[in-house]
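Computed from the coordinates by the stated procedures, all read-outs in this text should not be read as laboratory data. Keep in mind that what you see is a predicted model, and the values were worked out from it rather than measured. In this analysis, Cβ positions are derived from the backbone assuming ideal geometry, glycine residues included, and neighbour counts consider all displayed protein chains.
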Amino acid sequence: MERKNITIREEQAEWLAATDRNLSQLVQAAIDEEMEPTDDELARAYQDNATNAAETAEKWATASREATDHLGEPPTDG
């Protein structure tokens, strides 16, 4: 891990002391929020969501079939 020096205002230092917060963790969290996800992180997120996406798609397809069975085919333009 790399060490960096930062400057904070006096009232920020007082707030840190009063709240017993960790400055390094606060700065790291703020930087993480600003960073774009990496390709590997995006791929992992897509993989983690694949099962849920397939299940949701199947539920919508079932609901669509049931609606068509109950209401008939949707009207067409033309």
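Given 0.36 nm per residue, what is the gain on full extension from A17 to H70 after removing their alpha carbon distance, in nm?
Full extension of this stretch gives 12.6 nm more.
Answer rounded, prolate or oblate for the chain, using the Cα gyration tensor with square roots of eigenvalues a ≥ b ≥ c: rounded when a/c is under 1.5, else prolate when a/b is larger than b/c, else oblate.
Prolate is the answer for the chain, as a/c is 1.5 or above and a/b outweighs b/c.
How many nm separate the modelled label positions at Q25 and A45, each set 7 Å beyond the Cα in the direction of the Cβ?
So the two model labels end up 2.4 nm from each other.
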